[in-house]
Structures are given as structure tokens and as C-alpha cells.
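First up is the structure itself, then whatever we jot down about it.
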Amino acid sequence: MRLEIAHTPIVKNLYWQDEAATQLFAAALAAQPALRHAFIELHGDLGAGKTTLVRHLLRALGVQGRVKSPTYAVVEPYELPGLNVWHFDFYRFSDPREWEDAGFRDIFASPGLKLAEWPEKAAGFLPRADLAIHLDAMDDDARQVTLSAQTDIGAALLQATSPAMPQEGQS
């Protein structure tokens with residue numbers, strides 16, 4: 001089990017004009033060494049771009065082939081050289097017994113990257129996220145993005161947002 005050091009959340013707001021901005025962010029995030037041991041929550045309405053962000057991130061990490069949403073399977077695992085990644089989608093999660101039966105506790109206790117869509121559906125079971133990403137669709141392409149670092153790992157991941165990326169504010 002990894003040690004979690006909680007601190008006052010550090011918040012950064014971004015504006016992604018289009019999907020290319022999402023892809024640039026994902027590539028920058030993939031380059032961060034802290035990502036290898038992170039738990040990232042993805043929040044947003046249906047169609048906000050959570051799965052699109054995950055697809056771009058997985059591609060940037062080297063995943064080949066089809067990247068599908070784990071809406072029905074709840075989790076899709078990916079094995080990369082030196083990195084295990086688990087993509088969760090808790091949208092249909094409703095039975096707490098599923099948490100134990102599926103071995104999710106063991107997955108979250110193991111090293112690797114965990115990405116969770118709809119984490120509020122598994123509230124009470126998930127550990128503290130290192131980074132919470134809130135996506136709000138502005139129109140078909142643009143997104144208002146709020147990044148909230150909740151641990152030291154999350155704070156390190158905020159380094160993925162470079163000054164060259166469009167930003168609306170930081171607090």
C-alpha cells in the first residue's frame with residue numbers, strides 16, 4: 001500500500017479549445033514520472049470527454065490497438081513495459097460486493113496507474129485520488145477543465161500543464 005500524503009488541494013483551470021488540446025495535455029501528462037503510481041479521477045457529464053482523454057493518455061503511454069470504454073466490464077487493464085494501467089468506469093457500479101469480488105481493493109493497493117470515470121458511483125471504496133480532473137463541455141469541441149491535486153503525486157502531475165497551454169486561472 002502506498003503512503004498518501006494529503007494536503008490542501010492545488011487547483012488549476014484550463015481551457016481546451018479542441019480535441020488537439022486534449023491530446024497535447026495527455027501527452028504532457030504521460031511524460032510525468034509521477035504518473036506511474038497515480039490514481040486519477042475523471043469527472044464530467046456524459047459526453048464531456050472523459051474517455052477521449054483516457055484514450056489520448058493511453059496512446060501517449062504506448063497502448064496499441066483498440067482502447068475501449070469499460071462501461072460494461074467496469075475495468076480494462078493494460079500492460080505496458082514497466083507499467084500496469086487500469087481504466088475503470090463506475091457508471092454502472094451499484095453492488096458493493098462487486099468491489100471485493102472483482103479484486104478492486106488489490107488493484108488499488110498495487111503499483112501502477114489507475115484512471116476512474118464516474119468515481120462518485122464508488123464513493124467510500126476508492127482511495128483519495130492524487131488528481132481529480134473535472135471536464136465541462138462548452139460546445140462540441142471546447143472543454144473547461146479543472147485540475148485538483150490532492151496529494152504530493154497530484155501536485156507533481158500538475159507540472160504537466162505548461163505555460164504554453166491555454167489557461168484561465170490558477171489558485
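The values are calculated or read from the model by the stated rules, or taken from the named source; none is laboratory data. What you are looking at is a predicted structure, and each value in this text was computed from that prediction instead of being measured. Using ideal geometry, Cβ is built from the backbone for each residue, glycine included, and neighbour counts are taken over all protein chains shown. We work out accessible area using only protein heavy atoms, side chains counted, and drop any ligands, DNA or RNA first. Shrake-Rupley method; radii C 1.70, N 1.55, O 1.52, S 1.80 Å.
Below are the figures for this structure:
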quantity: Once the Cα gyration tensor of segment 54-96 is diagonalised, semi-axes √(5λ) in Å; calculated: 22, 11, 7
quantity: Cut-off of 10 Å, at most 16 other beta carbons, DSSP loop: longest stretch of the chain lacking such trypsin sites (Lys or Arg not before Pro); calculated: 3-65
quantity: Distance histogram in 10 Å bins (all Cα pairs of the chain, percent per bin); calculated: 10, 41, 38, 10, 0
quantity: Helix 50-61 vs. the chain, principal-axis angle (Cα, 0 to 90°, nearest 10); calculated: 90
quantity: Whichever lysines have a C-alpha closer than 16 Å to that of LYS121, once near sequence neighbours (fewer than 8 apart) are set aside; calculated: LYS50
quantity: Positive-pole candidate from GLY154, SER94, PRO33, dipole of the chain, charges at beta carbon; calculated: PRO33
quantity: Most fluctuating residue given options GLU98, GLU19, GLU120, as computed from a GNM of the chain linking Cα atoms under 10 Å; calculated: GLU98
quantity: Longest to shortest principal axis, alpha-carbon extents of segment 11-109, angstrom; calculated: 40, 33, 31
quantity: Residues of segment 1-140: accessible area per residue with a 1.4 Å probe, Å²; calculated: 52
